[in-house]
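Coordinate-derived values only; no laboratory data. Remember, it's a predicted structure, so these values are computed and weren't measured experimentally. FYI the Cβ positions are ideal-geometry reconstructions off the backbone, even for glycines, and counts take in every protein chain you see.
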């Protein structure tokens, strides 16, 4: 018995030591999900063999590039006569809560129980800072491009942070009165995004014909052409075919499938056909079709919600003016878009609002020191023409990201307006970029009256 009395603790200690060693050897995974994400042995060994090789040994070329930006936005926006930016915007919703819950009884009389104190802190923390009329930002992009044999890969890390001294977590303060006396800051240092990450492989190439496939992440507008849509993240698979017919046109065809919401198996599909320099005339023609629609239920068990009813066709035409006519590089372009899935509903006052178009011109090209370019674009977009989650370029000012299906003044579509953009190369590396937008509602019967403008100025150092 005495022997067992001393043996049992020793066995337990040994088991404990063994379990600690196993945990350490497995990188101390905290959950079964984390453990399941561990690479299998063959893949781990394969990756290890690549880490210690030089670029020459890998048989490819690595390119490093990037840019550093200092940015300033100045914005004004009014919806139905009330400002969307500046004092009295975000915090006016929170102030209503403060008055509703605390003012009648007073803070001292109200904060008597733990439950009431927690409720107070929650409401107080809803008092976010007003939306900026002026916004300053610091941004850096680092891009890695690798090309080897018949494959390639690109990674772009984007670090975009708000300027200012460090922000304060207001929830750490005990009293609302104390919070009002503190010097706050708007600066952030932790905003890092995986802007691009994709790899490609050349399946087939013969003469001027080529077939490629790419898998990974980027923006839809990095691949497909539009000034009013394709602002969403593209996580998916892309196939590209190109062929050149001398004297006729350069043809390309792109087809892709991408993830919208994998919790409910919602996927999107898109294709684009292009004929470039048609008959050596300088005319480009493109047609794209994107399908966001899904008849099934979303994550809130709503079947076929209005927000996914988009099957958009877009026809784009551009004329590249001959250098014999204009010495400066010049392009005139335009596009027409229609949402085939749109239906009349009470949000649009029982009418279809499914059309959009834009026209514009681009003059000049900035490549080296002293170069410049200007771009002017007028846009006209109805409420159902483009998905709220996919709209891009000028768009309707909507700082709270409120959907038109939650509030009539929300959404990003239902606007008309123009954008003027300029670009100037001060040196081969330093550039100035500026744009000015002027936007108003397209139809005030569907949503409230809206007016907004935005001025943007950035200095960019590219390397």
| field | Spacing of the two label points (7 Å from each Cα toward its C-beta) at residue 186 and residue 341, in nm | value | 3.7 nm
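Return one quarter of the surface area of the convex hull spanned by the alpha-carbon atoms of the range 313-463, equal to its mean projected area, in nm². Write out the running numbers ahead of the final one.
On the way: hull surface 41.5 nm².
The orientation-averaged projected area of the Cα hull of the range 313-463 comes to 10.4 nm².
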| task | Residues in the range 444-463, backbone N under 18 Å from the label point at residue 132 (7 Å along the Cα-to-beta-carbon vector): list them, ranges by number please. | result | 453-461
| field | Estimated inter-spin distance, residue 302 and residue 455, nm [label 7 Å along Cα→Cβ] | value | 3.9 nm
| If you take the beta carbon distance between residue 149 and residue 378 as r and set R0 to 51 Å, what does 1/(1 + (r/R0)^6) give as a FRET efficiency, to the nearest 0.05? | 0.65
| note | Here the averaged projected area of the range 198-462, based on the convex hull of its alpha-carbon atoms and given in nm², is 16.1 nm²
| field | Inter-label distance for residue 322 and residue 289, nm, one decimal - labels placed 7 Å from Cα along Cα-to-Cβ | value | 3.6 nm
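Using Cβ counts within 10 Å as a stand-in for footprinting exposure, how do 299, 351 rank, fewest first?
299, 351
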| request: Subtracting the Cα-Cα distance from 0.36 nm times the residue separation, let me have the gained length for residue 72 to residue 428 in nm, one decimal. | output: 125.9 nm
| request: For the range 205-328, would you read off the P(r) tail past 19 Å as a percentage of all alpha carbon pairs? | output: 58 percent
| message | If you wrap a convex hull around the alpha carbons of the range 317-374, what volume per residue comes out, as a whole number of Å³? | response | 117 Å³
